[in-house]
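Just below is one structure, and these are the notes that go with it.
The values are calculated or read from the model by the stated rules, or taken from the named source; none is laboratory data. Just so you know, these numbers come straight off a predicted model, no measurement behind them. Positions of Cβ are generated from backbone atoms using ideal geometry, with glycine treated the same way; all protein chains shown enter the neighbour counts.
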Amino acid sequence: MATTRKPGRNGSADSGSTPAAEAAPAAAPQLPLLYRSLSMVEAARHGGKSLKSQIGYGFARGTHAVLLNGNEFDAAARHYPVVFAPAPQLAALAVLGVRPNINLFIDARDGWRPGTYIPAYVRRYPFIFHESEDHQQYTLCIDEASGALEDGGARPLFVDGKPSELTQNALQFCAAFQRDHVATRAFVTDLDERGLLIPNEAAITFVSGEKLTVTGFHIIDRDRFAALPDSVILEWRRKGWLAWVYAHFVSQGSWSLLADLAGTPPVA
């Protein structure tokens, strides 16, 4: 996504752009968004390590959009616009801010805004699955640059050389995330192949009079969706995709929440 500022009441104006979060956004070459140094979780390396009891969400402060899986659309739609990254990086995204690299849902103490849904992409951090080149195997990894690990501690990754309950839960969470991601990718690919995704922009006006336009994302065209054959609608209903489409439509009302948050001083 990109943002362009228009003249406000004082007549000033400037503009800028930034890449959107994409299907495989990278904070460093070949690394997904938020991750900086991945290592396989193994007893030889992490046998004496624990996960800190308090990690916070400061690691996501500099991102204004993250990947979102279809089964999250309904919960996320109440707080974030759900949009789509265009081809070739097809993906569903939750928009977390209207300005480049500013997450509006994290306060000065690294807490996530109370009462708002936290995307699974964020909740799984610092863990992640690493996919093999042949796409046949997944390995549980951890971001060792996260600052989330400590020596000893009450939340060990391994107990007596075996994965602890914490590590097993992380493995299960990442496995579920990957399954949901594959299903979501199939959904977004079908949207694209049927020509249902169209470019869109969000025009935002702040209390100060400043105007900002967010661009670089796609949404589902309502008229094209309504014109789909009955056979496709039935197929999508069986797959659970219709609920995802309607949640996406509802989520577009959340741009006003982002505008309100962007125009309000950060919570201390």
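Suppose we filter the range 196-209 for residues that are out of contact with any strand residue (DSSP E or B) (no Cβ under 8 Å at 6 or more places or on another chain) and small (Gly, Ala, Ser); how many remain? Qualifying residue count for the region: 2.
Of all residues in the range 196-227, those satisfying the criterion of being surrounded by 15 or more Cβ atoms within 10 Å (Cβ to Cβ) and over 21 Å from the mean Cα position of the chain (by Cα) are LEU196, ILE204, PHE206, GLU210, LYS211, LEU212, ASP221, PHE225. Does GLU193 qualify as being more than 26 Å from LEU104 (Cβ to Cβ), touching a strand residue (DSSP E or B) at 6+ places or on another chain (Cβ under 9 Å) and exposed (fewer than 12 other Cβ atoms within 10 Å of the Cβ)? Answer is no for this residue.
Tally up the residues in the range 180-211 that are among the β-branched types (Val, Ile, Thr) and in a strand (DSSP E or B), please.
Residues in the range 180-211 being among the β-branched types (Val, Ile, Thr) and in a strand (DSSP E or B): 3 in total.
Here ASP260 meets each of (1) closer than 27 Å to ASP107 by Cα; (2) touching a helix residue (DSSP H, G or I) at 6+ places or on another chain (Cβ under 8 Å); (3) charged (D, E, K, R) with one exception, condition (2).
Here PHE177 passes the criteria (1) closer than 26 Å to HIS64 by Cβ; (2) not in a helix (DSSP H, G or I) except the one numbered (2). Filtered by the rule that a residue be of a type in the set (Val, Ile, Thr), modelled with pLDDT of 95 or more and outside any loop (DSSP other than H, G, I, E, B), the range 95-140 gives VAL95, ILE106, VAL122, ILE128.
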